[in-house]
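Chemist: Sharing a structure, written as structure tokens. Questions coming.
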Amino acid sequence: MSKEAVGQNGAVLGSSDYWDRLNRSTYIGTVMQRASETEYFEAVKQMGQRAASAIDSIYADLQKSKKTIHNIPFSDRNTLSRQVQALGDVCSLSATSSGHCTECLFLLHQSDFPSNSFSWFDESAVHSAIDQIKNNPDFFASECLSMVRKAADWGIESAADNDKRKAKFLEGVSQRKGRDFLRHVLEVYQDEQDTSIPVGSNGAAIGSSDYLQRIERDVFHSDLSMMYSARFGSPDYTALLRDSLDEISNTLLQDLLMKRHLY
């Protein structure tokens, strides 16, 4: 009479109970639709789809907050960049398109530079104009802004309204660069006044530890350990999946070798 082989987990080798115990002892088994089976590629594929959705969500957050991305601390932007790249690696591993991965990285790194810089405007001239708005001896800053807005819309002559002091101020601000320049000055001025850190669609400040954690929960359905999580600076999501599959294959190999030794 033959004796059924039992694995290290106490279940009959190859049974549904065996696979359920083996898979659930690893990370990947906790997110499989049926832990009692061996649909590992399907689990990885679904994770890749969730990773792609997370990248799309991050991209939408960055697009919506384009003008204030530079307010996100440099270290947080770097950490978010690494998370996006790690999510892209999961997409590659599962043969899933990573969608807006490259665009996310571009937006995060672009924010190292002035948010409204255009090559046809001299930024030193822009900041000189802003300085004149903030520190004019004859008018309050609010009055200066009002005059510049009128000049941008209707021209200096109309905004000055036959007042020589106003005309002198507006000519100094415009530096003979026209109304487009004045509009650009106003836009940069407004951006510099907004120091708020943008908030993502998940309710957390973009790039913060809470933001990264919520992204990971959406993709991996759990909080990840320090070894794998973006919250600790070096996300390695593909290693999380590889380590799970390696653990399963090594345990299975040991059980099979034990069975061979017994019989």
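Every number here is computed from the coordinates shown, using simple stated rules; none is lab data. Predicted, not measured: the structure shown is a model, and the values here were computed from it. In this analysis, Cβ positions are derived from the backbone assuming ideal geometry, glycine residues included, and neighbour counts consider all displayed protein chains.
Chemist: Specify which labelled value, from (1) 46, 45, 38; (2) 55, 54, 35; (3) 111, 27, 24, agrees with Cα extents along the principal axes in Å derived from the coordinates of the model shown.
Modeler: (3)
Chemist: Report the dimensions of the stretch 123-176 along its three principal axes from the alpha-carbon atoms, largest first, rounded to Å.
Modeler: Principal axes ranked by extent give 28, 21, 16 Å for the Cα atoms.
Chemist: What do the square roots of 5 times the Cα gyration tensor eigenvalues come to for the stretch 122-263, in whole Å, largest first, as semi-axes of the equivalent ellipsoid? Walk me through the numbers before you get to the answer.
Modeler: Working: eigenvalues 866, 34, 24 Å².
Three semi-axes, in Å: 66, 13, 11.
Chemist: If you don't mind, there's one more thing I want to ask. I'd like the FRET efficiency for D223 and V6, computed as 1/(1 + (r/R0)^6) with the beta carbon distance as r and R0 of 25 Å, rounded to 0.05. Mind showing how you got there, number by number?
Modeler: On the way: r = 33 Å, r/R0 = 1.34.
The computed FRET efficiency comes out at 0.15.
Chemist: Lys pairs in the chain, Cα-Cα under 19 Å, at least 8 apart or on separate chains: how many?
Modeler: The result is 10.
Chemist: Based solely on its DSSP helices, what 222 nm [θ] is calculated for the chain when runs of n ≥ 4 H residues each add -39,500 (n - 2.57) and the sum is averaged over all residues, nearest 500 deg cm²/dmol? Provide the component values of the computation, followed by the final result.
Modeler: On the way: 11 runs with 159 residues, N = 263.
Taken over the chain, the calculation gives -19500 deg cm²/dmol.
Chemist: Turning to a different aspect of this structure: Please go through the stretch 16-56 and write out the GluC sites (Glu not before Pro) that DSSP classes as loop and that have at most 15 other C-beta atoms within 10 Å. Write out the running numbers ahead of the final one.
Modeler: Details: sites: E37, E39, E42; in loops: E37, E39.
Loop-located and lightly packed - E37, E39.
Chemist: Counting only other residues whose beta carbon sits under 13 Å from that of Q49, what net charge do I get with K and R as +1, D and E as -1? Could you put the intermediate results ahead of the total?
Modeler: Working: positive: K45, R50; negative: E42, D56, D218.
Within the 13 Å Cβ shell, the charges total -1.
Chemist: Could you check the spin-label model distance between F232 and E143? Points 7 Å from the Cα along Cα→Cβ, value in nm.
Modeler: So the label points at F232 and E143 sit 6.0 nm apart.
Chemist: At a Förster distance of 22 Å, what's the computed FRET efficiency of S16 paired with D243, Cβ-Cβ distance as r, to 0.05? Intermediate values should be presented prior to the final figure.
Modeler: Numbers: r = 24 Å, r/R0 = 1.10.
So the FRET efficiency works out to roughly 0.35.
Chemist: Also: Fewest first, what order do D153, D56 take by the number of other Cβ atoms within 10 Å? If you can, show how the numbers build up before the last one.
Modeler: Details: D153 12, D56 15.
Exposure proxy ranking, most exposed first: D153, D56.
Chemist: If we count other beta carbons within 10 Å of each Cβ, what is the order of M147, M32, M227, fewest first?
Modeler: Details: M147 24, M32 21, M227 12.
The most exposed by this proxy come first: M227, M32, M147.
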